[in-house]
Amino acid sequence: MSRLKTRLKEWLCRLLNRANVPGAIQETTLDDPLTGQSLRVHVGVFFTRISVNGRDYYFHRLSGQFDGTGTGCR
């Protein structure tokens, strides 16, 4: 049963990739103590912002297309 569930998930994910459906991502904060890097994900109404060491990268919420960059103001 486990193998069948895995294959069904794989089939569904391949189908979604072919249909160009963007992947889902949740808000999170990751701080890597080894490298000192910081990663933050913020999901807004229109855009998803991924911040890497203070540099912001914006992606359209529904299409997943890259929209541009900016710098964090925090």
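The values are calculated or read from the model by the stated rules, or taken from the named source; none is laboratory data. No experiment lies behind these values; they were computed from the predicted model shown. All Cβ positions, even for glycine, are placed from backbone atoms using ideal geometry, and neighbour counts span all protein chains on display.
Remarks
- The one condition from (1) surrounded by 14 or more Cβ atoms within 10 Å (Cβ to Cβ); (2) in a loop (DSSP other than H, G, I, E, B) that Thr48 does not meet is (2).
- The residues of region 21-41 that are surrounded by 14 or more Cβ atoms within 10 Å (Cβ to Cβ) and at pLDDT 95 or above, listed by number, are Ser38, Arg40, Val41.
- Filtered residues of region 30-72 (kept if farther than 26 Å from Asn17 by Cα and touching a strand residue (DSSP E or B) at 6+ places or on another chain (Cβ under 9 Å)): Leu30, Asp31, Asp32, Gln37, Ser38, Asn53, Gly54, Arg55, Gly70, Thr71, Gly72
- Qualifying residue in region 9-19 (condition: under 21 Å from the mean Cα position of the chain (by Cα), closer than 21 Å to Gln65 by Cβ and exposed (fewer than 10 other Cβ atoms within 10 Å of the Cβ)): yes
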